[in-house]
Amino acid sequence: MIQKKLDFRGHAFRSVLSFTLSHWRKQPLRILLIAGLVLLSAVADVLTPLYAGRLVDAVASNAQSATIAWDAAILAFWVLTALGLSGTLCRELTFLNIIALTLKMMSEIASDAFHRVQRFSTDWHANSFAGSTVRKITRGMWAIDMLNDTLLVALLPSIVMLVGSTFLLSIQWPIMGLVVGLGSVIYIGVTVFLSLAYVAPAASLANTWDTRMGGALADAISCNSVVKAFGAEHREEARLVRVIDKWRHRTRRTWIRGTINGGVQGFLLVVLQTAILGVALILWGRNEASVGDIAFALTMFFMLQGYLRDVGMHIRNLQRAVNDMEELVGLEAQAIGVDDRAQSVPIVIRDGQIRFENVSFRYGDHVTPLFANFSMTIAAGERIGLVGQSGSGKSTFVKLIQRLYDLNQGRICIDGQDIAHATQASLRNQIAIVQQEPILFHRSLAENIAYARPDASQAEIEMAARLASAHDFITALPKGYATLVGERGVKLSGGERQRIAIARAFLADCPILILDEQRPAWIAKAKCSFSRPWNA
């Protein structure tokens, strides 16, 4: 069972690290500069115990010439000072470059994820909580900060310190180098194993429930009007409590496992400390080590101990960052669904003739198709209405024209052009639609109406609002067209939202207009004011 979990987490680490490396490759010079600065600061730390030992030897020296001892002490003093200053300078420059690297990566990650999520299929959005998706993106974006710090500023100098200290101790006393090297490798190996096979699986489940909790909160808050309508506040609170209980249980298990992992690391450090001190005392007792040598060994151990203790924390941070980024990387691996084909070209719609040719379509794995060898033609300028029971395929018919789904068979042509070979943006830019559920942005009324044509003038916006019988209620508002409508237009009534959506479609002035709803009589009257041929 552990092996399966370890394999799973190994896959997660590989995918997250591969994702991170792909972004590092966009800033190669900065990565090289950071690595160089980190190496220099780590080398300064490695050499510090060596010259500290030489300083002790010089001070404790019984040399016949006090001048020789003084010169040796002064040299060690200035070298230690230079090492301290250079290490500090390198670390500060590293932090400045890490800031620039990470901020650019965070910006790119958020932008890329938003770009991809916007292009996911209608089905994907229908089956995903908006709040959960936002949480995946923001949590993953911030996790890259911890990941960069852990890999570049923490683990890299720790590795240099381990290798360098083992090398220096081995030159002086091979047995001491063997103890330090072997003990450090065992410590790191146990820490990595516990992090990957013991802590990480629990952390992954905790993150899953954290995402679900965010989705449940967003779902209840966004539907607050329905909750109030049925007086269901207590019911929603009880529902959330069940999700929180699951989250608390999973998170508690993760934290306990992390604490146990830390305890094991502390025990291993005590064992390593005992071994190093024992070897140092034996060497001193055999007159194989001077006072300065002992000071060098002890100083090296205490510095190494700090690095090793931090290695445990860094590996836990790395595991946490991977857990937090895993879902974001999963979004990057998610198939788009409906994508532009390799040879897609922008479609040009002039007349607006729509032709279904032997179209067959079914949702997902459904056995019964909604359309089977369906053919029909809507002439340019023709106005038609689709009538049928709920679920009979009227809205699906509209979605197929927009190419929100790919067909199982056949093709749909507009003005003789197969929409499957057209870029989706160019197709949808030339089709105005009023959806069954009018959705508005939490922006001003003017911005919502002008969404179809952002460069529209205020006069054009107001004309579209008049045609949709929305101008009067808009001007009656205290801020008029500058009024913010609330999330999804919650500040407006259903009828007002519908009129804003219709005004938005009118302003688009597209060759094809689709009203995916029942049409009040005043819409038919309003559309007569438009000169364009209009398919509705």
I'd like the Karplus ³J(HN,Hα) series for the stretch 433-439: coefficients 6.51, -1.76, 1.60, θ = phi - 60°, whole numbers in Hz, and an x wherever there's a Gly or Pro.
9, 10, 7, 4, 10, x, 10
Cβ-based exposure ranking for Met105, Met300, Met313, in which fewest neighbours within 10 Å come first
Met313, Met105, Met300
Kyte-Doolittle at least 0.5, axis length at least 24 Å by Cα - qualifying DSSP helices, the chain
28-59, 66-118, 156-172, 174-194
Which trypsin sites (Lys or Arg not before Pro) from the stretch 61-161 combine a DSSP loop assignment with at most 15 other Cβ atoms within 10 Å?
Arg119
Mind ordering 395-405, 24-34 by average Cβ neighbours within 10 Å, highest first?
395-405, 24-34
Helical mean residue ellipticity (222 nm; -39500 (n - 2.57) per DSSP H run of 4+; nearest 500) of the chain
-22500 deg cm²/dmol
Pairs of lysine residues in the chain - Cα separation under 19 Å, sequence separation of 8 or more or cross-chain
5
With the contact rule set at Cα under 8 Å and sequence spacing of 6 or more, what percent relative contact order holds for the chain?
15 percent
Taking the dipole of the stretch 423-514 about the Cα centre (Lys, Arg +1; Asp, Glu -1; charges at Cβ), the one of Phe473, Ala432, Gly494 that reaches farthest to the positive side is Gly494
Rounded to the nearest 5, what % of DSSP beta bridges with both residues in the stretch 354-531 are antiparallel?
75 percent
Taking the stretch 283-330, which trypsin sites (Lys or Arg not before Pro) meet the DSSP loop condition and have no more than 14 other C-beta atoms within 10 Å?
Arg286
Between the stretch 82-140 and the stretch 429-504, what is the separation of their alpha carbon centroids in Å?
34 Å
Can you sort Leu240, Leu440 from fewest to most other Cβ atoms within 10 Å of each residue's own Cβ?
Leu240, Leu440
Please report the antiparallel percentage of DSSP beta bridges with both residues in the chain, rounded to the nearest 5.
70 percent
Arrange the following residues from fewest to most other Cβ atoms within 10 Å of their Cβ: Leu85, Leu298.
Leu85, Leu298
Of the labelled options (i) 30.3, 96; (ii) 24.3, 78; (iii) 33.7, 113, which one gives Rg and Dmax of the Cα atoms in Å as computed for this structure?
(iii)
Loop-located chymotrypsin sites (Phe, Trp or Tyr not before Pro) in the stretch 178-283 whose Cβ has at most 12 other Cβ within 10 Å (DSSP):
Phe230
To the nearest 20 debye, what charge dipole does the chain have about its Cα centre, counting +1 at the Cβ of each Lys and Arg and -1 at the Cβ of each Asp and Glu?
1220 debye
Please get the size of the charge dipole for the stretch 354-531, origin at its Cα centre, with Cβ charges of +1 on Lys and Arg and -1 on Asp and Glu, quoted in debye to the nearest 20.
260 debye
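All of the numbers you see were taken from the coordinates with simple rules; none came from a lab. If you're wondering where the values come from, they're calculated on a predicted model, not measured in any experiment. For neighbour counting, all protein chains shown are included, and Cβ atoms are generated from backbone atoms with ideal geometry for every residue, glycine included.
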